[in-house]
Structure formats: C-alpha cells, structure tokens
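Just below is one structure, and these are the notes that go with it.
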Amino acid sequence: MIVLSKISTALILTLTFSSCTAQIKNARTESVKIYGNCGMCQTSIENAGNLKKVAQVEWNKDIKMATLIYDTTKTKQTEILKRIALAGYDSDQFLAPDDVYATLPECCQYDRVNKSAMVKNENAETHSMQNHATTSEMEQEVNQLKGVFDNYFSLKDALVTSDQKSASSIAKDLLSNINKVNMNKLTTEEHTVWMKVMSNLKSDIDKISISTNVENQRNAFMNLSENIYDLIKVSNQDTPIYYQHCPMYNDGKGANWLSKDNAIKNPYYGSQMLTCGKTVETIK
C-alpha cells in the first residue's frame, strides 16, 4: 500500500507539472544545478523561479538539479536563475547575496560550493578582469535605467508647466522605456527593487498617460515619485539628484519628487506655488 501511495503521489505531481508546462508557449526545457538542502528549499526555489504561463521550475533536492521550462519569447534562463539567486539560492551562473543567504532557515543553509571556489581561485589577474567587467557592466546598468529616469524628469517638467498633453505623451514614452529594461543587466540591488516597484510604476504611468486632467496626473505622479526614489537610490548617477518635498500637497500631508536641479520648481502646483518646497536629500 505504501509503494502504491508513493507511485500515486509521483504520478499526481508529474501530471500537475505537465499541466502547468502545457500552458507555456514557445517552450524550451533545460536542466541546471541549483544548490539547496530540503523541501523548504524546493518550495522557495520553485516559487522564485515560476512565472504563470511564462516559466515553470521543478527542483530535485536529492540531486540538486532543476528542470526549467520557459517561453523563450518572454524570458531567459538567466532571468529565472537571477530571481532564484535573489531568493537565496546559488547556481553555477549566479550567487545569492550574502545577506539574503544569511536569512535562510538553518536547515536551508547549504554548503556554498561556488562561493568557496570563487574565493579560493581569486588572483590578481582575475581580480583585474573582474574590475574591468564590473566597470563595463555598470555602464550597461546605468544605460538600462537612464531612459526611465530621463523620462521621469521630463514628466516632472511638464507638470511644473501644467502641460497635461505633454505629460500624457511623456508618460507613454516612459512606459515604453520601462518595457525595454533588460532585468538581466541590472545590478542585484537594482533588480531587487525593480521587481518590487515595476507593477506600481506601470500602473501610475498608465493613469498619467490616459488622464485628461492635470490634477489627476499629479496625484499619480506623487505615487510614481516614491517608487522612482526607491529605484534611483540603488542606481549609479552621473550627477547629483535632489529629493524635494512640498508640505502643502495631498491635503497637507505633503508629497515628494525628484529633480536634477536644486532650485525648487513644484510639479504639484506649477505657477500657483512654483517655489513651494525644499530639498530634503541629495542623492549622489
């Protein structure tokens, strides 16, 4: 009876996995090594890697191998493994951040094979090559978000002049640039924040793009600014960015925005109270 029960359970899991993967179009199947220990690790790894109708992950704790099935038109192996690394689990391609690994339950803290090997084999030549690669990657990373930030500042300027039509048009460009961001080229910190704010960014930008009322646009811009602030804090900037505050907006609760200029030009009131506010933080 026990043997039959195990066979039935395995059959149910196989059928469930097959049902999920059947929904994935343009599917590619790959096997990769992902490090972990137990059933809790399996749940965390699979939850981090799965995306409905885009990617499905099945991890075997005994052999430390994961089967990835994903839509090649919507994602890549690297993007799946990066999400799993951000959840605390190393692969041969990506190492989990040390602070995230440290928060894993004790039973999930696997031996970090790749981490040890990387430290052991490091030498001056490798270090030099890594520094060169890091510089190149940083340039790519800045470029990934540059269009997003530039559009945000243009949107802010349009609201300063109360130009609803320009704000709507710029918001459409901003949404387009957000959709062009390649998450695989973001730093670990940028990627972590990006995954948290992306949905809200798109929602607020969409509201601004379709609105015919500048006050409604400003209200959505208030929420947008908070998420852009979180993102810009973890990104490399060529010039200082000024985080500014209007104490009057939002029924006296106040609202913030970001600017390349330290001089106050209030996007929430425009010419009515153009210089109302102050710089509360300089981001370098």
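The values are calculated or read from the model by the stated rules, or taken from the named source; none is laboratory data. It should be emphasised that the depicted structure is a prediction, and the values quoted were computed from it without experimental measurement. Cβ placement follows ideal geometry from the backbone for every residue including glycine, while neighbour counts extend to all protein chains displayed.
Some notes on this structure:
- Residue 43 being among the hydroxyl-bearing types (Ser, Thr, Tyr), at pLDDT 90 or above and farther than 23 Å from residue 193 by Cβ: yes
- Any hit, region 117-131, residues being part of a loop (DSSP other than H, G, I, E, B), modelled with pLDDT of 95 or more and either out of contact with any helix residue (DSSP H, G or I) (no Cβ under 9 Å at 6 or more places or on another chain) or not assigned by TED's automatic domain parsing to the domain that holds residue 88 (or both): no
- Test for residue 48: is it of a type in the set (Gly, Ala, Ser), out of contact with any Lys or Arg (no Cβ under 7 Å at 6 or more places or on another chain), at pLDDT below 95 and not in a loop (DSSP other than H, G, I, E, B): no
- Scanning region 56-75 for residues that are within 27 Å of residue 180 (Cα to Cα) and surrounded by fewer than 16 Cβ atoms within 10 Å (Cβ to Cβ) turns up 72, 73, 74.
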